[in-house]
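As structure tokens, the structure follows; a few thoughts come after it.
The values are calculated or read from the model by the stated rules, or taken from the named source; none is laboratory data. Quantities reported herein were computed from a predicted structural model and do not represent experimental measurements. All Cβ positions, even for glycine, are placed from backbone atoms using ideal geometry, and neighbour counts span all protein chains on display. Only protein heavy atoms, including side chains, enter the accessible area calculation; ligands, DNA and RNA are left aside. Shrake-Rupley method; radii C 1.70, N 1.55, O 1.52, S 1.80 Å.
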Amino acid sequence: MPKRSAYGTCHSDTRYPERLEGGVCFFPFPKPKTQHERCLQWIKLCGRPHSQLNPTKTNKNTYICSKHFVNGRPTPDYPNPVSIATPGQTRDLGGCRKPPAKRWKSDGQSSISLTTDEEEENNASDKENLQSPESEHQDTLEQQEQLERVKKLEEENEKLREKLDLKEKEIVRLTVHVHTLRNKMVTPELLQDNHSPKMFQNSTGFTYDRFNQLIKPYLAFQKILCAVYRKVP
């Protein structure tokens, strides 16, 4: 989009290179939303009527050229343009601009519509304002999605911590139990009373009941032997 100086009756315009002799460059207006006071100050220094230049008509396409700054650009010592009433200007920049020239433009349907430079600038500003709510809404949605993702991750981490705590407690319990078993004589009753499922069967290959059935004849024979040994003088 072309750049034009909004200062007084300045005619600096990137569409006309002959007006940019001497290395003229352009500096954007302070944004009304974030730098409202400075924007008002620049508007006042430009000396144009309120109907032509005000915060509602100031957007990213509003500029002041380097001709109107003390050092040719905003600096820490001179951040603002010189006032239009300041003496010593190289040429008269007082007053306000003439009404913008009207141009005839075809709308593509064999009809002619009337437009001006000011209308084009206002249309660009309207488009920017229309896009702003959509951008803000999109940013809000992205922030909400990010917060939801963070919340889900925190919930998953909490569940994993709980599972880890349970596993650590189980490891401690089994460690104590193994230590206890090492200090005891392993008997069928001890294996049967173990809290681990199928501990007896995994250790002997039989269920507890089947083991007792198999060992019953041996126990009976052992009793007979004991009785015989008692009778022997």
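With a Förster radius of 30 Å applied to the beta-carbon distance between His36 and Glu154, the computed FRET efficiency rounds to 0.15. Taking amide hydrogens as placed 1.01 Å from N in the peptide plane, the amide H of Arg48 sits under 5 Å from those of Gly8, each at least 5 positions away in sequence or on another chain. Spin-label point model (7 Å from Cα, Cβ direction): what's the Arg19 to Ile171 distance in nm? It works out to 7.8 nm between the two label points.
Phi angles of segment 142-149 translate, via the Karplus equation with coefficients 6.51, -1.76, 1.60 and θ = phi - 60°, into HN-Hα couplings of 5, 5, 5, 5, 5, 5, 5, 4 Hz per residue; Gly and Pro are given as x.
Normalising the average separation of contacting C-alpha pairs (under 8 angstrom, six or more residues apart) by the number of residues puts the relative contact order of segment 8-57 at 27 percent.
Taking the 1.4 Å solvent-accessible surface of segment 1-83 as the whole, the part contributed by carbon and sulfur is 53%.
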